[in-house]
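Everything below concerns the one structure shown next.
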Amino acid sequence: MRKLVYYVAVSIDGFIAGPAGEFDFYPQCDDMVEYLRAEFPETMPSHARPHIGLDGAPNKRFDTVVMGLNTYRPALDIGVTSPYAHLKQYVVSSTLREPADPAVNVVRTDPLGLVRELKQQPGDGDIWLCGGARLAGELLPEIDELIWKRYPVVAGTGLPAFAGEFRPRPFTPVETLEFSNGGSVSTYRAAE
């Protein structure tokens, strides 16, 4: 069965974006960028891939992406209607009326049901939960793995990694890799 993996950038104080959805405040470094490009090429948006040497690069880990409307919106704001054309794309939104692109599936209700169905389907990779906070909170019971790209910056406020009900769920640390900017990539698996 395929896994749901919440792969996301996070500040050291637990925010995935600023209060207005900002995500450009994470300090970058070459060794971390190269690692992420090599290990997670499919998480780079389709429109950026040719500019960073990933045009035609095969998917290594994921074949499907699930995201909330606020995660999808930055692409729409720059005229990109299919940000991950190399993946099956699902946007969970009760307010987005029509998909801006036929390659994007809009899911209006029951994200848990969607993920449970996707997990049962055959595929060439896992399911990437791209964001956002409310959707991650709703999908917490189905998240099998967390991959946190933790950057050495304090946001102070913004969108937390999870939003919703108080619902503690244990995860087991698997691996942490550290990079020259003090950032890290940590993997956690849902505790049995």
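Readers should treat all values here as calculations from the given coordinates under stated rules, not as data from a laboratory. Please read these numbers as outputs of a predicted model, since none were measured by experiment. Here Cβ is always computed from backbone atoms with ideal geometry, including for glycine, and neighbour counts include all displayed protein chains.
Please tell me the relative contact order of segment 45-112 in percent, rounded to the nearest whole number, where contacts are Cα pairs under 8 Å and at least six residues apart.
Numbers: 81 pairs, mean separation 20.3, N = 68.
About 30 percent, as a whole number.
Among rounded, prolate and oblate, which fits the chain when a ≥ b ≥ c are the square roots of the eigenvalues of its C-alpha gyration tensor, a/c under 1.5 means rounded, and a/b larger than b/c means prolate?
rounded
Before rounding to the nearest 500, sum -39500 (n - 2.57) across all DSSP H runs of length at least 4 in the chain and divide by the residue total; then give [θ] at 222 nm in deg cm²/dmol. It would help to have the intermediate numbers written out before the result.
Values: 4 runs with 36 residues, N = 192.
The helix-only estimate for the chain comes to -5500 deg cm²/dmol at 222 nm.
For R116 and V154, calculate 0.36 nm times their separation in residues minus their Cα-Cα distance, and state this gained length in nm to one decimal.
Using 0.36 nm per residue and subtracting the Cα-Cα distance, I get 10.2 nm.
Please report the net charge: other residues with Cβ closer than 13 Å to the Cβ of I127, K and R +1, D and E -1.
Summing Lys/Arg as +1 and Asp/Glu as -1 gives -2.
For labels at T95 and F171 in the simple 7 Å Cα→Cβ model, what's the distance in nm?
Taking the simple label geometry, T95 and F171 are separated by 2.7 nm.
Describe numerically, in nm with one decimal, the distance between label points set 7 Å from Cα along Cα→Cβ at N105 and at A57.
So the label points at N105 and A57 sit 2.6 nm apart.
Could you compute the FRET efficiency for F25 and T81, with r as their C-beta to C-beta distance and R0 at 30 Å, rounded to 0.05?
The computed FRET efficiency comes out at 0.70.
Rank by packing, highest mean first: peptides 166-175, 114-123, 135-144, 49-58, with packing defined as the count of other Cβ atoms within 10 Å averaged across residues.
Most protected by this proxy first, the peptides run 135-144, 114-123, 49-58, 166-175.
Return the long-range amide H neighbours of V153 (sequence gap of 5 or more, or a different chain), with a cut-off of under 5 Å between placed amide H atoms.
Under 5 Å from the amide H of V153 lie the amide H atoms of I12, each far enough along the sequence or on another chain.
How high is the relative contact order of segment 146-191? Use alpha-carbon pairs under 8 Å, at least six apart in sequence, and give a whole percent.
52
Please compute the net charge surrounding R61, taking Lys and Arg as +1 and Asp and Glu as -1 over other residues with Cβ under 12 Å from its Cβ.
-3
Could you sort the peptides 65-73, 16-24, 125-133, 87-95 by per-residue average Cβ neighbour count (10 Å cutoff), highest mean leading?
Values: 65-73: 21.9, 16-24: 15.3, 125-133: 24.0, 87-95: 18.8.
By packing density, highest mean first, the sequence is 125-133, 65-73, 87-95, 16-24.
Explain nothing, just the number: relative contact order of segment 4-190, from Cα pairs under 8 Å at least 6 residues apart, as a whole percent.
34
Quick one: work out the % antiparallel among DSSP beta bridges in the chain, nearest 5.
Once the DSSP bridges in the chain are tallied, antiparallel ones form about 40 percent.
What is the distance in Å between the Cα centres of segment 46-99 and segment 143-158?
20
Quick one: order Y84, Y7 by neighbouring beta-carbon count within 10 Å, fewest to most.
Y7, Y84
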